[in-house]
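Everything on this sheet refers to the single structure shown next.
The values are calculated or read from the model by the stated rules, or taken from the named source; none is laboratory data. Since the structure is predicted, the reported quantities are computational estimates derived from the model, not experimental observations. Cβ placement follows ideal geometry from the backbone for every residue including glycine, while neighbour counts extend to all protein chains displayed.
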Amino acid sequence: MKKLILLAFILVSIGVNAQYFVNTIPEWYENPPKSTKKYFGAGVGTSKAADIAESKAILDAKTKIAEQVGTVKIDDKKVSTNIGVKGKQEETFQTKTIEAKLTDVRVIKKAIMQDGENYTVYVLMEMKRRK
C-alpha cells in the first residue's frame, strides 16, 4: 500500500512539472535546449479547444525536430488570379516538404495559456539521436 501511494505521489509530481498554466511565453520555448545526444523541438498551437491547441503544438514541435533530422525541400509556387476585367494578381508562396523518420519522440514540457476563450499551448519535445 505504501509503495502504491509513493508511486502515485511521484507520478503526480512529474505531471505537475510537465504541465502548467502560464501568463507569458515559456523561456524553454524561446530558447530550446541543445544537445549532442538529443534533438529538441519547441512548438506552439492556438485554438478555442485546449486539446486541438495541444495537437497543433505537437505537430509544430515534431516538424522542428524533423527539419533537424531529415531532408528539407522548398518549392516556390506562383498563383495568378484574375481581378476585374483586365486585372491580374500574382502571388508567390513556398511549400516545404520534410522527409524524416521520427522515433521515440516525447513531450518533456507543456505550458498552457488561456486568453478569453482561446487556448495557447507550448510544448517541448525531445528525440534521442541515433548513432
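Only residues that are closer than 20 Å to GLU126 by Cα and not small (Gly, Ala, Ser) were counted in the stretch 52-86, giving 14.
Among the residues of the stretch 115-130, is there at least one that is in contact with a Phe, Trp or Tyr (Cβ under 7 Å, 6 or more places away or on another chain) and exposed (fewer than 15 other Cβ atoms within 10 Å of the Cβ)? Checked against the condition, which is being in contact with a Phe, Trp or Tyr (Cβ under 7 Å, 6 or more places away or on another chain) and exposed (fewer than 15 other Cβ atoms within 10 Å of the Cβ), the stretch 115-130 yields at least one hit. Select from the stretch 67-123 the residues that are among the hydrophobic types (A, V, I, L, M, F, W, C), outside any strand (DSSP E or B) and either farther than 23 Å from PHE40 by Cβ or touching a Ser or Thr at 6+ places or on another chain (Cβ under 9 Å) (or both) and list them in ascending order. Residues satisfying the conditions are VAL85, ALA100. Restricting the stretch 4-56 to residues that are under 19 Å from GLN114 (Cβ atoms) and among the aromatic types (Phe, Trp, Tyr) leaves a set whose member that is modelled with the lowest pLDDT is TYR20. Entry remark, the stretch 116-130: residues being under 12 Å from THR103 (Cβ atoms) and not charged (D, E, K, R) number 1 in total. A residue that is under 21 Å from ASN23 (Cα atoms), at pLDDT 80 or above and surrounded by 10 or more Cβ atoms within 10 Å (Cβ to Cβ) can be found somewhere in the stretch 91-107. Scoring THR24 on the criteria (1) farther than 15 Å from ALA111 by Cα; (2) part of a loop (DSSP other than H, G, I, E, B); (3) among the hydroxyl-bearing types (Ser, Thr, Tyr) leaves a single failure, condition (1). Of the set (1) outside any strand (DSSP E or B); (2) loosely packed, with under 10 Cβ neighbours inside 10 Å; (3) not aliphatic (A, V, I, L, M), all apply to LYS64 but (2).
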